[in-house]
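Contents: one structure, followed by commentary.
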Amino acid sequence: MSDAWPAVRDAMATARRVRRGDVSADDLAALLAGLRGRADLPPAGPALLDLVARAGAGPTAVAQLGQTLDGRIATVTGHSRYVNGPEALDHLHRLRALADAVVIGAGTAVDDDPSLTTRRVDGPNPVRVLIDPSGRVPAGRKLLTDGLAPTLVCGPARDGTETLDLPAGGASPRAILLALAARGLEVVLVEGGAATVSRFLGDGCIDRLHLLVAPTLLGSGRPGIVLPEVATMAGALRFDARRYPLGDDTLFDLTASAAKLPA
Ligand SMILES: NC(=O)c1ccc[n+]([C@@H]2O[C@H](COP(=O)([O-])OP(=O)(O)OC[C@H]3O[C@@H](n4cnc5c(N)ncnc54)[C@H](OP(=O)(O)O)[C@@H]3O)[C@@H](O)[C@H]2O)c1
């Protein structure tokens, strides 16, 4: 039980007011300093507060993937429920509750049919964003039909949803984030799957990457992050990392720095 969770959500609301100019950045910093001292933060609470601090400074994209020790996010058949244990799932739902919008690719909508709501924690449901450029996601999928939150589609128009207007040339991660920011959706969770997170990461569009690593080996299955090949370790992406236990899993809260990511 985390009594401080509502205060973390309130802090994110304050971060939004900082961006609108209604509250000073110093006030947000003082609020966060007070929260960091609380003993009743949720697990990985400091990672959530770091996200709030980042969001106070401007539009922010956080990506998550739940993966095994050998870097798999699903079996060969696409089954991924669940890679992680309950504490990590609670963390994912907290990320959803703090985000304005949650983005998934067509593959995840087809394989998992997620609702992308915050049912494991108290908090609002984010706007759902489906990247489906070829319109291959079946019409009955929950995020297209359940009405639990608005859904924006990057792709052909779908009944009951709005289409995200993108410049000619399509759905680049940067264009998607800019179009969402133009709607006031400035804190964005890129939830999956691997292809979508990899594209956003490879394009330098992710501010924080939350890798939720389970003490599990699959030895086969779908890989997590896949980026263009590099010949030497000099080409590796390196991050500043903080680690938090979440039940049996470990959250790696990875901060991208301009020096370490592609421009
Ligand atoms: N463990 C986890 O944390 C986690 C989270 C989510 C999903 N999953 C698993 O991941 C698997 C699905 O992942 P996936 O990598 O196959 O698919 P995905 O990332 O969900 O979707 C990829 C597809 O989305 C479209 N897309 C995404 N970004 C785009 C962009 N910037 N521009 C144009 N099109 C874009 C493309 O659709 P088109 O191919 O139609 O062009 C692309 O092929 C499932 O097995 C699911 O269970 C695991």
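The values are calculated or read from the model by the stated rules, or taken from the named source; none is laboratory data. It should be emphasised that the depicted structure is a prediction, and the values quoted were computed from it without experimental measurement. Backbone-built Cβ (ideal geometry, glycine too); neighbour counts: all protein chains shown.
Just a few scattered comments:
Condition check ((1) at pLDDT below 95; (2) over 28 Å from A57 (Cα atoms)) across all residues:
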position	(1), (2)
A157	yes, yes
R174	no, no
S220	no, yes
P223	no, yes
A234	yes, yes
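- Residue match in segment 124-145 (condition: surrounded by fewer than 22 Cβ atoms within 10 Å (Cβ to Cβ), under 17 Å from the mean Cα position of the chain (by Cα) and assigned to a loop (DSSP other than H, G, I, E, B)): yes
Table: residues versus (1) among the polar types (S, T, N, Q); (2) within 27 Å of A44 (Cβ to Cβ); (3) assigned by TED's automatic domain parsing to the domain that holds A63.
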position	(1), (2), (3)
R141	no, no, yes
S172	yes, no, yes
A175	no, no, yes
L178	no, no, yes
V187	no, yes, yes
R199	no, yes, yes
G219	no, no, yes
M233	no, no, yes
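- The requirement of being small (G, A, S), under 12 Å from the mean Cα position of the chain (by Cα) and within 12 Å of the ligand (Cβ to nearest atom) is fulfilled somewhere in segment 170-193, by at least one residue.
- Number of residues in segment 67-106 that are within 7 Å of the ligand (Cβ to nearest atom) and surrounded by 20 or more Cβ atoms within 10 Å (Cβ to Cβ) equals 8.
- Counting the residues of segment 1-51 that are within 22 Å of L92 (Cβ to Cβ), exposed (fewer than 14 other Cβ atoms within 10 Å of the Cβ) and modelled with pLDDT under 95 gives 2.
- Looking at segment 1-104, the helices (runs of 4 or more DSSP H) lying wholly inside it that each contain 2 or more residues that are acidic (D, E) and outside the structural domain of G247 (by TED's automatic domain parsing) sit at 25-36.
- Figure legend. Inter-residue proximity from segment 150-161: first residues assigned by TED's automatic domain parsing to the domain that holds R128 and closer than 15 Å to G105 by Cβ, second residues more than 16 Å from the ligand (Cβ to nearest atom) and not in a loop (DSSP other than H, G, I, E, B), beta-carbon distance below 6 Å, spacing 6+ or different chains. Indicated pairs: L152/E162.
- Looking only at residues of segment 107-142 that are aliphatic (A, V, I, L, M) and more than 12 Å from the ligand (Cβ to nearest atom), we find that the one that is farthest from R9 (Cα to Cα) is A139.
- Close pairs from segment 78-94: first in contact (Cβ under 8 Å) with a residue 24 or more places away in the chain, partner assigned to a helix (DSSP H, G or I), Cβ under 6 Å, at least 6 apart: G78/D111
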